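Working notes, structure below.
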Amino acid sequence: MILAEHIARHGETHAALNALVQPRHAAAVVEAERLESRLRAGEQVGPLAGVPVSVKECFAVTGLVTSLGIPTRRRAIDVADAPIVSCLRAAGAIIVGKGNVPQAMYLHETDNPVWGRTSHPSDATRGPGGSSGGDAALVAAGVVPLAVGTDLAGSIRQPAHACGISGFLPRSTVIGDGGAFDTVPHLTVVRPRMGFLAREVDDLTRVFAVVAAGSSFKPLTRAADARKGGRPGGGLRVAWWDDAGPLEPSPAVRRAVHEAVSRLKQAGVETVRLDGSLATEAAWLHLALLSADGGADIRRLFAATCPIPPVARLLRLAGLPMWLRPLIAGLSQAVGGGIEAEALRATGPRHGAALESLHHRRAEFATRFAAVAAPYDALLCPVSALPALPHGTAARLVLGAAPCLLANLLDLPAGTVPITRVGPDEELGRARSRDRVAQAAAAADRGSCGLPVGVQVVGVPDVAAAGDPLGAERIVLDVMRLVERGQDQRRNGGVD
């Protein structure tokens, strides 16, 4: 029984991982037995029959708790399933429990005072990322084959990259947020989205078909095999860049992009290198939108409770008034905080006309980006500037995930595929710097040998074919599969 294997694997790994923080195994066993009875009776049970699935702690599961890692929410018992949970149950999946999250889902490190800290599956000194870090760790450790998370600022893709698995984020217009707890109701033009984590792209395709597209959903690869001499990527054009925004990428991150481009070329894809400066501009613009309420929505979640220190630090920075930011930024730059100074100038509370101006900037950027991306079917770039982060560094290295923010800003489909691991000669490749963030990044690189590194595939605006509302998602999954297939061919000796 698949569920029995899951329970055994959870028992073997939980002490080290602390990822499935709200298991519901007794109920899951009963549900699996009912499912088997229906199968024996010849009933239809759904395309995900018997598959153990974990869901991020922000999704309601009847009888469990949505605490968000905040002590005052320990008793916030879920009285009904979130829509995505109901959908997965209807497809035959067995919900085995909830994965851990960062406090208030406000960091790329999965730690909170309610459930404790989650560790990386292969390095206990590092975390699995966040904010879907608990679920990413579960998939990477083989505890579950499939997990559901959310993503507002890389929260599916960054942990997938950190843990060496695949992740997929459809557009919000396709599947929405799945009924996740809304921690940021002030946001309007950008919103959190639901997505999926799995070890292989085909598994992501299957669950996406169940949730969004029905049984008629088919990946493009089968049809693409007939293109240009049978090469599966023939006819596709993919643009790429290897820079990671404000923070220089680790050597292994840059190498991973080049390896992925090579795999696409081997598959017959036409690849074109672009300047990544538009993605950097998108990252700053997205962070400005996220910080426009000065952190007020997140503060309200805590009521009388104090946030943990890294969350408190980010909230203090978010709340700095606009008039004070140039002064603090100047002081920060003077003592080696150039990247932090740039962040202070780009973000902060905005209301009324200032917020409206920010919305106009986003609309103008979207128009410019659409023109640049128009000749291509998809984009390929880093997921993060860094591999998995050491515990306690996420607040200082929040800009590591800047490459993810373009897709969030413009509601583009995006996914991650594992490519390689950090080599022993790639721990010391950064230029020397006085900047505190750059120094923290260099420290994070040290000791990273063997950690997984992925790449990101991003859809482009208006790529859907006529009559195919899921065209953008299909192409992203197809390019992800071509990259993944190239890895399999290398393992089997099929690519030089």
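Observations
- Relative contact order computed over region 371-424 (Cα-Cα under 8 Å; 6+ residues apart), in percent: 33
- Cα centroid separation - region 45-69 against region 73-150, whole Å: 9
- Each of V483, A402, A353 was scored by the projection of its Cα onto the charge dipole of the chain, and the greatest displacement toward the positive side belongs to A353; charges sit on the C-beta of Lys, Arg, Asp and Glu.
- The charge dipole of region 261-364, taken about the Cα centre with unit charges on the Cβ atoms of Lys, Arg (+1) and Asp, Glu (-1), comes to about 240 debye, rounded to the nearest 20.
- Rounded to the nearest 20 debye, dipole of the chain from Cβ charges on Lys, Arg, Asp, Glu: 360
- Overall, the anisotropy analysis places region 318-409 in the oblate class: the square-rooted eigenvalues a ≥ b ≥ c of its C-alpha gyration tensor yield a/c not less than 1.5, with a/b not exceeding b/c.
- Label-point gap, in nm, between S262 and E356 - each point 7 angstrom along Cα→Cβ: 5.4
- Modelled FRET efficiency - R0 45 Å, M1 with R74, Cβ distances, 0.05 increments: 0.85
- Calculated FRET value between A8 and T125, using beta carbons and R₀ = 35 Å, to 0.05: 0.85
- Sorted largest first by accessible area at a 1.4 angstrom probe radius, with every protein chain in place, the residues M105, M1, M194, M322 fall in the order M1, M322, M105, M194.
- Global geometry of the chain, whether rounded, prolate or oblate, following the gyration tensor of its Cα atoms and the 1.5 cut on a/c: rounded
- Taking the chain and dividing mean pair separation by its residue count, relative contact order in percent (alpha carbons under 8 Å, at least six apart): 17
- Region 375-482: trypsin sites (Lys or Arg not before Pro) in DSSP loop, at most 16 other beta carbons within 10 Å: R432, R434, R446
- Rough spin-label spacing in nm, given labels placed 7 Å along Cα→Cβ, for R313 and Q44: 5.4
- Added length on full extension, which subtracts the Cα-Cα distance from 0.36 nm per residue, R117 to E364: 84.8 nm
The values are calculated or read from the model by the stated rules, or taken from the named source; none is laboratory data. It should be emphasised that the depicted structure is a prediction, and the values quoted were computed from it without experimental measurement. Every residue, glycine among them, receives a Cβ derived from its backbone with ideal geometry; neighbour counts consider all protein chains shown. Note: areas computed on protein heavy atoms with side chains; ligands, DNA, RNA excluded. Shrake-Rupley method; radii C 1.70, N 1.55, O 1.52, S 1.80 Å.
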